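The values are calculated or read from the model by the stated rules, or taken from the named source; none is laboratory data. Computed from a predicted model, the values in this text were never measured in an experiment. Every residue, glycine as well, gets a Cβ built from its backbone with ideal geometry; the counts of neighbours run over all protein chains shown.
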Amino acid sequence: MYMFKLRRYCGFACQSAAMRKRPEEVTRGIASRHARRLKPAQPCERCGTKRRSQVHHKDRNYLNNALENLERLCHWCHMQEHAPEIQARSARGWQTRRERYGTGGHS
């Protein structure tokens, strides 16, 4: 009974209708989900592995979901592609997770 009081909509049909009425702000998550739908799962276009496939935007603009801008990469190749950007952020004073929280080991 308690969970029913927390619901915003009476059912899925009402929720869908409400979502269609309000303008949707395009966030990185929504754009990424759309890109994954446009570029179906397939092996990495660089190394050929079939594990942990991700969609990479060649021009680095996550809102540009043109098929010629999308590339399927495995996690490793995707991280290698973005390594210079990550290093540049670190050089500008951004902390990496390990620097911020330590090694993560238990004492």
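What the table below lists for this structure:
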| item | result |
| --- | --- |
| Test: residue in the range 97-106 that is at pLDDT below 70, in a loop (DSSP other than H, G, I, E, B), among the polar types (S, T, N, Q) and surrounded by fewer than 10 Cβ atoms within 10 Å (Cβ to Cβ) | yes |
| Verdict on His78 being surrounded by 13 or more Cβ atoms within 10 Å (Cβ to Cβ), assigned to a helix (DSSP H, G or I) and at pLDDT 85 or above | yes |
| Lys21 being modelled with pLDDT of 85 or more and among the basic types (Lys, Arg) | no |
